[in-house]
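A.B. asks: If you scroll down you'll find the structure; I have some questions about it.
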């Protein structure tokens, strides 16, 4: 029963998450609100432990964020139906290449079919793993600093604590700066 309630809460959250004026009446994305690009950075002494997320990747493998511990983890929440997600995808691919060895990347695909999500990753050349979360249940794990819009990006520090969040599209340069700040703290 708790999972059902959590799933319904996630669905309600997602129904307020990602759209532009051009998307109105377009079907699946109607009613979604994109983030404003705001960046929230948490001071090291105020950070709390990030949730351990576990699930199945778009490739059918089981993955846990515990397996990615030891360096910063950039978690991007996205959907193939989300125009801002499509706009930021090349920036994330660029960031993953630039930050290789100093940060791990993980996507959380939400409100998508497996086929649509896989096609999105192929189209943009995304090589880092993405968890398939069609009901948005994984998003509920971020109690301290939830990803409130699609796309959202959450940065976990090397100690496994939530360090920053970006609501909306993120550029490669912004993401690099955030990771540098997190690594320096």
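A.B. asks: Pick from 115, 143, 164: which is assigned to a helix (DSSP H, G or I) and either surrounded by 15 or more Cβ atoms within 10 Å (Cβ to Cβ) or more than 11 Å from the chain's Cα centre (by Cα) (or both)? Show your work before the answer.
C.D. replies: Working: 143 fails: assigned to a helix (DSSP H, G or I); 164 fails: assigned to a helix (DSSP H, G or I).
After applying the criteria, what remains is 115.
A.B. asks: Here's another thing I want to ask about it. For the stretch 124-137, check the following and say yes or no: at least one residue is within 18 Å of residue 79 (Cβ to Cβ), out of contact with any helix residue (DSSP H, G or I) (no Cβ under 7 Å at 6 or more places or on another chain) and assigned to a loop (DSSP other than H, G, I, E, B).
C.D. replies: Yes: one or more hits.
A.B. asks: Could I ask something else about it? Among the residues of the stretch 64-80 satisfying the criterion of being part of a loop (DSSP other than H, G, I, E, B) and at pLDDT 95 or above, which is surrounded by the fewest Cβ atoms within 10 Å (Cβ to Cβ)?
C.D. replies: Taking the stretch 64-80 and keeping what is part of a loop (DSSP other than H, G, I, E, B), we get 69-72, 79-80.
From what is left, the residues that are at pLDDT 95 or above are 72, 79-80.
On the way: 72: 23, 79: 28, 80: 21.
Applying the filter and picking the extreme gives 80.
A.B. asks: Output the residue which, of all residues in the stretch 27-39 that are surrounded by fewer than 17 Cβ atoms within 10 Å (Cβ to Cβ) and closer than 19 Å to residue 120 by Cα, is modelled with the highest pLDDT.
C.D. replies: By that ranking, first place goes to 28.
A.B. asks: Can you work out which of the residues in the stretch 87-104 that are touching a helix residue (DSSP H, G or I) at 6+ places or on another chain (Cβ under 8 Å) and within 13 Å of residue 152 (Cα to Cα) is surrounded by the most Cβ atoms within 10 Å (Cβ to Cβ)? Please lay out each step first, then the result.
C.D. replies: Initially, the stretch 87-104 is screened for residues touching a helix residue (DSSP H, G or I) at 6+ places or on another chain (Cβ under 8 Å), giving 89-95, 98-99, 102-104.
Subset that is within 13 Å of residue 152 (Cα to Cα): 89, 92.
Working: 89: 23, 92: 25.
Restricting to residues being touching a helix residue (DSSP H, G or I) at 6+ places or on another chain (Cβ under 8 Å) and within 13 Å of residue 152 (Cα to Cα), the top hit is 92.
A.B. asks: Now a separate question. Name the one entry in 108, 42, 150 that is in contact (Cβ under 8 Å) with a residue 60 or more places away in the chain, surrounded by 21 or more Cβ atoms within 10 Å (Cβ to Cβ) and either closer than 24 Å to residue 185 by Cβ or in contact with a helix residue (DSSP H, G or I) (Cβ under 9 Å, 6 or more places away or on another chain) (or both). Reasoning before the result, please.
C.D. replies: Values: 108 fails: in contact (Cβ under 8 Å) with a residue 60 or more places away in the chain; 42 fails: surrounded by 21 or more Cβ atoms within 10 Å (Cβ to Cβ).
Testing whether each residue is in contact (Cβ under 8 Å) with a residue 60 or more places away in the chain, surrounded by 21 or more Cβ atoms within 10 Å (Cβ to Cβ) and either closer than 24 Å to residue 185 by Cβ or in contact with a helix residue (DSSP H, G or I) (Cβ under 9 Å, 6 or more places away or on another chain) (or both) leaves just 150.
A.B. asks: Continuing with this model, one more query. Could you tell me whether residue 102 is in contact (Cβ under 8 Å) with a residue 12 or more places away in the chain and outside any loop (DSSP other than H, G, I, E, B)?
C.D. replies: Values: in contact (Cβ under 8 Å) with a residue 12 or more places away in the chain: yes; outside any loop (DSSP other than H, G, I, E, B): no.
No; evaluated as a whole, the condition is false for this residue.
A.B. asks: Sort through 61, 24 and tell me the only one that's modelled with pLDDT of 95 or more and out of contact with any helix residue (DSSP H, G or I) (no Cβ under 8 Å at 6 or more places or on another chain). Please lay out each step first, then the result.
C.D. replies: Numbers: 24 fails: modelled with pLDDT of 95 or more.
Exactly one of 61, 24 is modelled with pLDDT of 95 or more and out of contact with any helix residue (DSSP H, G or I) (no Cβ under 8 Å at 6 or more places or on another chain), namely 61.
The values are calculated or read from the model by the stated rules, or taken from the named source; none is laboratory data. Keep in mind the model is a prediction, meaning the values are calculated, not measured. Glycine also receives a Cβ, built like all others from the backbone with ideal geometry; neighbour counts cover every protein chain displayed.
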